[in-house]
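Below is one structure, written out as structure tokens; the observations come after it.
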Amino acid sequence: MNYEAIVVAAGNSTRSGLNYNKVLFEINKQPIVYLSTKPFIDDLQCDKIFVVCKNSDLEAMEKIFKNERKVSFVEGGATRQQSVLNALKKVKSEYVFIHDGARPFFTSILLNRLKVKLKECNVVIPVWSMVDTVKLVKNDVVVKTLKREELKCVQTPQAFKTNVIKKAHEVAKRMDYTDDSSMVEELTEEKIYVIDGEYTNKKFTIKEDF
């Protein structure tokens, strides 16, 4: 299965406590965005990788990926959804994987399991089960306890038949979707299939993560 990948790295990192884009933070001397992209770089079935970034980070990104020929750069938008759309316009393959540039611990094992499942459906996302009890709260008051076994935490990469995710973007009336699969869920008739994610596939977001 040949495919192209989008790595979204154009956020503002407002919750990170850093004074620069969190994806440039280094773990063992390697930037998070590079680690988040490495499984795609190493996968021979991945034809192209579009790293979406802000213009202010472009020089740093070019330095990070200077030896990676299948990586190119796309200017980010005002929202995550716009950033993904900017990259989707360049995707020509039948399948596309969309990943957060701040998830540096996803593995080739997860990538391969996504590819296997994508052969059977048009959309597949990795999820992992809740371990804490979850409450629905309004105005600082508990409304009800939700059924933990019915709740899942969503991860990336999310894998799509390219025409399906492009169609969702074409019909979207709002620009504040923060999850790609939720667009397909809300705006098309496609079913969203899930596989087990990886507990270590966390997204670096808040100060404590760093």
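Observations on the structure shown:
- For K117, the criteria (1) surrounded by 14 or more Cβ atoms within 10 Å (Cβ to Cβ); (2) modelled with pLDDT of 95 or more; (3) closer than 27 Å to C53 by Cβ hold in every case but one, which is (3).
- Count - residues of region 55-75 that are in a helix (DSSP H, G or I) and either charged (D, E, K, R) or over 13 Å from P31 (Cβ atoms) (or both): 7
- Lone unmet requirement of (1) in a loop (DSSP other than H, G, I, E, B); (2) surrounded by 18 or more Cβ atoms within 10 Å (Cβ to Cβ); (3) in contact with a strand residue (DSSP E or B) (Cβ under 6 Å, 6 or more places away or on another chain) for V184: (1)
- Among residues that are surrounded by 13 or more Cβ atoms within 10 Å (Cβ to Cβ) and not aromatic (F, W, Y), L136 is not included.
- Selection within region 173-203 - over 26 Å from V116 (Cβ atoms) and either of a type in the set (S, T, N, Q) or at pLDDT 90 or above (or both): T178, E186, L187
- Within the option set E189, E170, E149, being in contact (Cβ under 8 Å) with a residue 12 or more places away in the chain, farther than 19 Å from A9 by Cα, over 15 Å from the mean Cα position of the chain (by Cα) and open to solvent by 90 Å² or more (accessible area, probe 1.4 Å) holds for one residue only, E149.
- Checking each residue in region 37-53 for being of a type in the set (V, I, T) and under 14 Å from the mean Cα position of the chain (by Cα) picks out T37, I49, V51, V52.
- Region 22-54, residues that are open to solvent by less than 30 Å² (accessible area, probe 1.4 Å), more than 20 Å from I206 (Cα to Cα) and either in a helix (DSSP H, G or I) or among the hydrophobic types (A, V, I, L, M, F, W, C) (or both): T37, P39, F40, I41, C46, I49, F50, V51, V52
The values are calculated or read from the model by the stated rules, or taken from the named source; none is laboratory data. If you're wondering where the values come from, they're calculated on a predicted model, not measured in any experiment. Counting neighbours? That spans all protein chains shown, and the Cβs are built from the backbone with ideal geometry, glycine included. Quick note on the areas: whole protein, heavy atoms, side chains included, nothing else; ligands and nucleic acids left out. Shrake-Rupley method; radii C 1.70, N 1.55, O 1.52, S 1.80 Å.
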